[in-house]
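Enquirer: Just dropping this structure here.
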Amino acid sequence: FFIYVSIDYPLGGPPFLFVTGLAGGFGINSRLILPTIDEVGGYPLLPVNAEPEQATPAQTISAVIPHLQSTFEPLAGQYWVAAGISFTSFEMIEATVVVSVSFGVDLQIGVVGTCAMTFPTGTSAPLAYVEIDIVASFTPSTGLLAVDGKLSPASYLYGGFVKLTGGFAFYAWFAGEHQGDFVVSLGGYHPAFDKPASYPAVPRLALAFSCGPVKVI
């Protein structure tokens, strides 16, 4: 059993934290599966990703279930709670974050979010748009603290002429065979570095633009 509620409505607040949506829920005998960094944009627990209501309840259920099958997994004795918020900061930053705690069979703390910045604001043709997705988790049974971040494909500079790509990661092991090891990567690794299998794959930081047949990365 699980229940999840999402409210997509401006609730107000100070300029640095103007709340535009809330979400929350819990699950019984259910395991919450965190998304990979490439799946954050469609993660159904983020308030902005709630499936829209269909013409009938049956149609709504049929549309929602496929999205939830990859997010919730039946598991006896496992429970979870989650809370999410969407907000803007000074009308420049738009962010959505969900914090979850799974416990029972195994303990896992997770944070999934996305943050977008537009420069300048209030224009139909902004000069730059930067969107960053983040997934963080800590699982005591494996001793792994993992933080992954990635620029969304929607990010650009100069009105879309220059595309931004890249990511970052921070992993630290507090138990297991890799205990005491950690890695911090901003934009991947040096080509001569022999990456251990336990280290995350991090996309390179890059600027890409094209002008007719000419493409530069």
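The values are calculated or read from the model by the stated rules, or taken from the named source; none is laboratory data. Everything numeric in this text was worked out from a predicted model, so none of it was measured. Note that we place each Cβ from the backbone using ideal geometry, even for glycine, and neighbour counts take in every protein chain shown. SASA here: full protein model, heavy atoms, side chains in, ligands and nucleic acids out. Shrake-Rupley method; radii C 1.70, N 1.55, O 1.52, S 1.80 Å.
Enquirer: For a quick protection proxy, order the peptides 180-192, 22-34 by their average other-Cβ count within 10 Å, most packed first.
Expert: Result, highest mean first: 22-34, 180-192.
Enquirer: Additional query: Using all C-alpha to C-alpha distances in the chain, build P(r) with 10 Å bins and read off the rounded percent in each one.
Expert: Here the calculated profile for the chain is 8, 26, 32, 24, 9, 1.
Enquirer: A further question on this structure: For the residue pair residue 184 and residue 158, what label-to-label distance in nm results when each label sits 7 Å from Cα along the Cα-to-beta-carbon direction?
Expert: Label at residue 184, label at residue 158, 3.2 nm between them.
Enquirer: Let me ask something else about it. Label residue 192 and residue 101 with points 7 Å out from Cα along Cα→Cβ: what is the distance between them in nm?
Expert: Simple spin-label model gives 4.7 nm for this pair.
Enquirer: Work out the length of the dipole vector of the chain about its Cα centre, built from +1 on the beta-carbon of each Lys and Arg and -1 on the beta-carbon of each Asp and Glu, and round it to the nearest 20 debye.
Expert: 400
Enquirer: Say we join alpha carbon atoms closer than 10 Å with springs in a Gaussian network model of the chain; which of 37, 65, 85 then has the biggest fluctuation?
Expert: Result for the chain, Cα springs under 10 Å: 65 fluctuates most.
Enquirer: Tell me the carbon and sulfur percent of the accessible area for segment 53-108, rounded to whole percent, probe radius 1.4 Å. Could the numbers behind the result be given before it?
Expert: Numbers: 2180 of 3360 Å².
That share works out to 65 percent.
Enquirer: Continuing with this model, one more query. Report ³J(HN,Hα) in whole Hz for each residue of segment 153-164, in order, from the Karplus equation J = 6.51 cos²θ - 1.76 cosθ + 1.60 where θ = phi - 60°; Gly and Pro get x.
Expert: My calculation for segment 153-164 gives x, 7, 6, 7, 10, 6, x, x, 5, 10, 9, 9 Hz in order.
Enquirer: Using a Gaussian network for the chain with springs between C-alpha atoms less than 10 Å apart, which of these wobbles most: 202, 64, 135?
Expert: The residue with the greatest mean-square fluctuation here is 64.
Enquirer: Name the residue farthest towards the positive end of the dipole of the chain from the options 201, 74, 108, assuming +1 on Cβ of Lys and Arg, -1 on Cβ of Asp and Glu, about the Cα centre.
Expert: About the Cα centre, the residue reaching furthest to the positive side is 201.
Enquirer: Using only helices, what value at 222 nm comes out for the chain when you add -39,500 (n - 2.57) per DSSP H run of length 4 or more and divide by the total residues, to the nearest 500 deg cm²/dmol?
Expert: Numbers: 1 runs with 12 residues, N = 217.
So the helix-based figure for the chain works out to -1500 deg cm²/dmol.
Enquirer: With every protein chain left in place, what is the accessible area per residue of the chain in square angstrom, probe 1.4 Å?
Expert: Here the per-residue accessible area is 58 Å².
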